[in-house]
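Every number in this text was worked out from the coordinates using simple rules, so none of it is lab data. Just so it is clear, the structure is predicted and the values come from calculations on it, not from any experiment. A quick note on method: Cβ atoms are made from the backbone with ideal geometry, for glycine too, and the neighbour counts reach across all protein chains shown.
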């Protein structure tokens, strides 16, 4: 148990967690999103609140909701952010500092992704979503 001032939080990380693991709770305003980027060892997103949009370069737009888990494979270029009309909070987890930041996702790219995916696939109800750029 680790105390954070008000109550306690249990961190069941297990015996084999690398000492270079990273985690950030990230909050997005409606329409906000990351730049295109990749992680050397992949990334896992746990959606806490709101509606998340995630897309691999050349891949299909994915919509995720609270409780959904989305994994991006090592080296895959992707972006993630909030739906245009919803705030979103996710816990981002990855290993190492090998994050490669690329160009910003333009308003045109963001809008095009939404228009091309009117029936956006949802992660809800699946243990985790995984994708590759080939999808």
By Cβ neighbour count within 10 Å, fewest first, 93, 88 rank 93, 88
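Compute the normalised compactness of segment 23-127: alpha-carbon radius of gyration over 2.2 N^0.38 Å, N being the residue count. Provide the component values of the computation, followed by the final result.
On the way: Rg = 12.5 Å, N = 105, 2.2 N^0.38 = 12.9 Å.
Relative to the 2.2 N^0.38 Å estimate, segment 23-127 comes out at 0.97.
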R0 = 35 Å: FRET efficiency of residue 92 with residue 112, Cβ-based, nearest 0.05?
0.90
If we count other beta carbons within 10 Å of each Cβ, what is the order of 106, 38, 96, fewest first?
106, 96, 38
